[in-house]
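*Asks:* Submitted below is the structure of interest, expressed as structure tokens.
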Amino acid sequence: MNISSVIVIPGPDRAQSVVASLNALHCVEVAAVSPEGKIIALLETEDDRETIQLYEQISLMDGVMSASMVYHHKETEPEAEILLAA
């Protein structure tokens, strides 16, 4: 499982439509929107390929001026780690 965060900068007066488009995507949660319209989106995907495809989809989304991945974490097998800790 991959967990990532992306800062999305929408075009002028496009924050609401970009938030709606992000919320419609599978594996994406809008965590915050600043008063200036900057959006923090959280991505939770199964693997690196899905993370890259989703990031590219967000970057090319109508109304998005830029998207920057600011955090990425990969869990290899969280269930196995829990069992080992027990």
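*Asks:* Where in the chain are there helices (runs of 4 or more DSSP H), lying fully within it, with 1 or more residues that are modelled with pLDDT of 95 or more?
*Replies:* Fully inside the chain and qualifying: 15-24, 48-59.
*Asks:* Related question: What tally of residues in segment 15-69 results from selecting those that are hydroxyl-bearing (Ser, Thr, Tyr), touching a residue at least 12 places away in the same chain (Cβ under 8 Å) and surrounded by fewer than 17 Cβ atoms within 10 Å (Cβ to Cβ)?
*Replies:* Residues flagged as hydroxyl-bearing (Ser, Thr, Tyr), touching a residue at least 12 places away in the same chain (Cβ under 8 Å) and surrounded by fewer than 17 Cβ atoms within 10 Å (Cβ to Cβ) within segment 15-69 amount to 3.
The values are calculated or read from the model by the stated rules, or taken from the named source; none is laboratory data. These numbers were taken from a predicted model, which means no experiment stands behind them. Positions of Cβ are generated from backbone atoms using ideal geometry, with glycine treated the same way; all protein chains shown enter the neighbour counts.
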